[in-house]
Amino acid sequence: MKSKRKIDPNKPKIKLPSGKSYISVKNIVAEHKLHTICESGNCPNTQECWGAGTATFMILGDICTRSCKFCSVKTGKPLLPDEQEPLRIANSVKLMKLKHCVVTSVDRDDLEDGGAEFWATTIKKIKEINPYTTLETLIPDFKGEKDLLKIVIDAKPEIISHNLETVRRLSDSIRVNAKYDRSLSVLKFIGESGLRSKSGIMLGLGESDDEIFDVMDDLLNVGCKIITIGQYLQPTIDNIPVQRYVSEKEFKMYEEVALKKGFNFVESGALVRSSYHADKHV
């Protein structure tokens, strides 16, 4: 007799996509040949976000030059940037009637500027066609090069987000070609420029509470006062496995600690991702 597989009660339940708004967003994304991190990253909130008429656009293709162990985005040699992509995204934002838009990208270490100029073009085109839409950009680290970061900053999105992803001890083992302290320097430079910075981490990779609290302190020390805290979910069998599922009670505790430490806004929960409820962060 086969024994029943024990299900962790803290493992989050994900809704299957459905509804008119979901189908509408899906059709717009397909019609304009756009990439979204919702699909490429197997995001668990696709149902909720697309159902509400929002999506996180991913520019510079869907092939990343890095192969982080937690991420399901394809890795390899990317195609040349599509010069028409910024216009298609800007028009899609208008079609979706978005009040707030989130844009991210794959890492493009193959490009001399890491894609910074393409980022700036995309931001400006979105704002040109959608002057009343606020914008969050979830950017790569651009290898920490300030002149490249400044190109994105000068395009003036309302928020620039860059994720630490995990605690210092685990960073090198799961983030390929990314460095914990480099990411902190990126966030510090964003804050010093006068723009609002934001970062996020995943839990369930083997971190301790003290390490999570240290991340909070590190972010506050570089002027970052918006944080998202979510559960890591293994997207494919090729990615690093989940070490534990965090309870909602624990997520609430992390939120309370972060607010007491001085964060202005905290999004903490099993299905929270960096762009989750992003409109509130403006």
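Taking the mean number of other Cβ atoms within 10 Å as a proxy for protection, how do you rank 132-144, 174-186 from highest to lowest?
Details: 132-144: 20.9, 174-186: 18.2.
Most protected by this proxy first, the peptides run 132-144, 174-186.
Under a crude label model (7 Å from the Cα following the beta-carbon direction), how far is LEU95 from LYS143 in nanometres?
My value for the distance between the label points is 3.7 nm.
Work out the charge dipole of region 49-156 with +1 on the Cβ of Lys and Arg and -1 on the Cβ of Asp and Glu about the Cα centre, then indicate which of ILE129, GLY144, GLY115 is farthest towards its positive end.
Of ILE129, GLY144, GLY115, it is ILE129.
Only the coordinates and a few stated rules stand behind these numbers; no lab work does. Source: prediction; values computed, not measured. In this analysis, Cβ positions are derived from the backbone assuming ideal geometry, glycine residues included, and neighbour counts consider all displayed protein chains.
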